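In what follows, a structure is listed as structure tokens, so that the remarks can point back to it.
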């Protein structure tokens with residue numbers, strides 16, 4: 001993304017088809033490596049405030065992952081991997097693949113022709129645009145992923161009883177069932193909080209990674225290498241987690257709600273605040289950062305290497 005801070009013009013972005021392919025591959029690689037953290041994060045977010053005197057079922061990332069593996073088997077940690085890859089191929093390929101071409105045009109408007117580096121504002125605007133466009137298209141894949149991750153919790157809700165068969169036997173069946181039961185528009189359930197969340201997180205991730213990398217290279221403390229990419233990826237993950245956690249919690253609750261508890265985004269926000277308090281919006285912050293931090297490191301490390309290979 002960001003190159004070294006010199007007086008020469010910024011390098012031209014890759015052709016869109018190359019950028020999309022590299023981004024989709026990198027996002028899918030990161031998804032598979034970090035999906036257990038995401039499953040744990042979703043379960044923690046969906047777990048409401050426990051009844052006084054009753055210990056919560058899930059405690060922390062390690063405890064949650066252990067409980068899921070013990071009760072449902074280790075494979076349950078990768079529950080939702082199919083729509084997860086569908087999502088990353090489409091959403092990851094678009095939001096990341098479009099970023100450099102869009103940034104080039106936005107920077108031309110905001111920073112003027114021939115600017116050596118894009119301003120941070122141009123990077124943020126570019127991330128907001130590509131994140132919003134990408135998730136508007138890919139929302140069904142995100143919905144199905146959350147539903148599959150949540151249904152294990154629902155199946156085990158009644159202690160002492162044998163869990164019923166999962167409602168959704170597969171990702172493709174989930175797409176069909178949701179469309180049949182809730183209408184085609186049902187596949188876009190939660191699209192408003194999802195656009196909000198993913199625009200904000202995408203802008204934070206990509207702009208922060210771009211800016212941190214640019215600053216590191218300008219400082220001459222590190223070269224454009226794996227160490228630089230790891231530091232930049234961790235910075236992007238931390239900033240995205242701080243900014244995006246509240247909308248992420250609301251998104252997970254709205255999308256995981258198959259019984260009509262919430263009438264919409266605002267209703268979910270209000271009920272969560274009223275019933276669980278403001279800290280509920282940072283429920284699962286540590287696993288969320290573990291997920292986002294590791295995901296960003298894995299994705300950007302892969303992306304930088306793939307882009308280097310296809311640019312040669």
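The values are calculated or read from the model by the stated rules, or taken from the named source; none is laboratory data. Small disclaimer: the values here were computed from a predicted structure and weren't measured. FYI the Cβ positions are ideal-geometry reconstructions off the backbone, even for glycines, and counts take in every protein chain you see.
General observations
For (1) assigned to a helix (DSSP H, G or I); (2) under 30 Å from residue 117 (Cα atoms); (3) out of contact with any helix residue (DSSP H, G or I) (no Cβ under 8 Å at 6 or more places or on another chain), each residue gets a yes or a no:
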{"residue": "202", "(1), (2), (3)": "yes, yes, no"}
{"residue": "208", "(1), (2), (3)": "yes, yes, no"}
{"residue": "224", "(1), (2), (3)": "no, yes, no"}
{"residue": "229", "(1), (2), (3)": "yes, yes, no"}
{"residue": "237", "(1), (2), (3)": "yes, yes, no"}
{"residue": "246", "(1), (2), (3)": "yes, no, no"}
{"residue": "255", "(1), (2), (3)": "yes, no, no"}
{"residue": "266", "(1), (2), (3)": "yes, no, yes"}
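- Residue 162 passes every criterion in (1) modelled with pLDDT under 80; (2) assigned to a loop (DSSP other than H, G, I, E, B); (3) surrounded by 11 or more Cβ atoms within 10 Å (Cβ to Cβ) apart from (3).
- Sole residue being within 21 Å of residue 134 (Cα to Cα) and without any contact (Cβ under 8 Å) to a residue 60 or more places away in the chain, chosen from 298, 236, 207, 240: 240
- The number of residues in the stretch 246-286 that are within 19 Å of residue 147 (Cα to Cα) and at pLDDT 80 or above comes to 11.
- Qualifying residues in the stretch 61-74 (those that are in contact with a helix residue (DSSP H, G or I) (Cβ under 9 Å, 6 or more places away or on another chain) and exposed (fewer than 14 other Cβ atoms within 10 Å of the Cβ)) - the one farthest from residue 174 (Cα to Cα): 62
- All positions within the stretch 263-312 that are closer than 17 Å to residue 213 by Cα, crowded, with 20+ Cβ neighbours inside 10 Å and more than 17 Å from the chain's Cα centre (by Cα): 304
- Out of 124, 106, sole residue that is within 22 Å of the chain's Cα centre (by Cα) and in contact (Cβ under 8 Å) with a residue 12 or more places away in the chain: 124
- Summed over the stretch 61-81, residues that are at pLDDT below 85 and in a loop (DSSP other than H, G, I, E, B) total 2.
- When the stretch 111-122 is filtered for residues that are in a helix (DSSP H, G or I) and farther than 11 Å from residue 210 by Cβ, the ones remaining, listed by number, are 111, 121.
- Applying the criterion of being surrounded by 19 or more Cβ atoms within 10 Å (Cβ to Cβ) and at pLDDT below 80 to the residues of the stretch 14-60, the residue that is nearest to residue 145 (Cα to Cα) is 42.
Conditions (1) out of contact with any helix residue (DSSP H, G or I) (no Cβ under 8 Å at 6 or more places or on another chain); (2) modelled with pLDDT of 95 or more; (3) assigned to a loop (DSSP other than H, G, I, E, B); (4) closer than 25 Å to residue 244 by Cβ, marked per residue:
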| position | (1), (2), (3), (4) |
| --- | --- |
| 124 | no, yes, no, yes |
| 138 | no, no, no, yes |
| 141 | no, no, no, yes |
| 150 | no, no, no, yes |
| 158 | yes, no, yes, no |
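- Any hit, the stretch 82-100, residues being without any contact (Cβ under 8 Å) to a residue 12 or more places away in the chain and assigned to a helix (DSSP H, G or I): no
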